[in-house]
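Written below as structure tokens is the structure these notes are about.
The values are calculated or read from the model by the stated rules, or taken from the named source; none is laboratory data. These numbers come from a predicted model, not from an experiment. Cβ sites come from the backbone with ideal geometry, for glycine too, and all protein chains shown count toward neighbours.
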Amino acid sequence: MLPDLSPHLHTAECNFLVELMRRCQEQQTLGKMFGACNYWDEAVWQCTKQERIWRRDNNPRYSRRRVELQRLPESYYTPALNKLKSEGLLNISDGSNGCRI
């Protein structure tokens, strides 16, 4: 089960993957029941997991969160994000909101 996919909760990279998954689900109305969009579903799940890992690693244990994650560091990119970046399809403008926690 995926977490809440609201755009203000995630980085620009994960929001891009969410958009690709939603487009796939709109285009494959019957195919999504048979796994046509499983690749994008898995990519979104991996991306949100990497966000959680980054927040866990960069959150001081007993203090308020001072670091805002607006862009996912490239060292935390999932295989799907690396593939999209190498193909030049990862088009993310610098003015995107991303996560504001």
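For the reader, a short list of remarks on this structure follows.
- Any hit, segment 57-80, residues being exposed (fewer than 15 other Cβ atoms within 10 Å of the Cβ), modelled with pLDDT of 85 or more and among the basic types (Lys, Arg): no
- Of all residues in segment 21-46, those that are within 21 Å of Leu81 (Cβ to Cβ) have Cβ atoms under 6 Å from Cβ atoms of residues that are β-branched (Val, Ile, Thr), 6 or more apart or on another chain, in Met21/Val44; Val44/Val18; Gln46/Thr78.
- Candidate set: segment 1-32, residues that are of a type in the set (S, T, N, Q) and buried (at least 18 other Cβ atoms within 10 Å of the Cβ); chosen: the one nearest to Pro73 (Cα to Cα): Thr11
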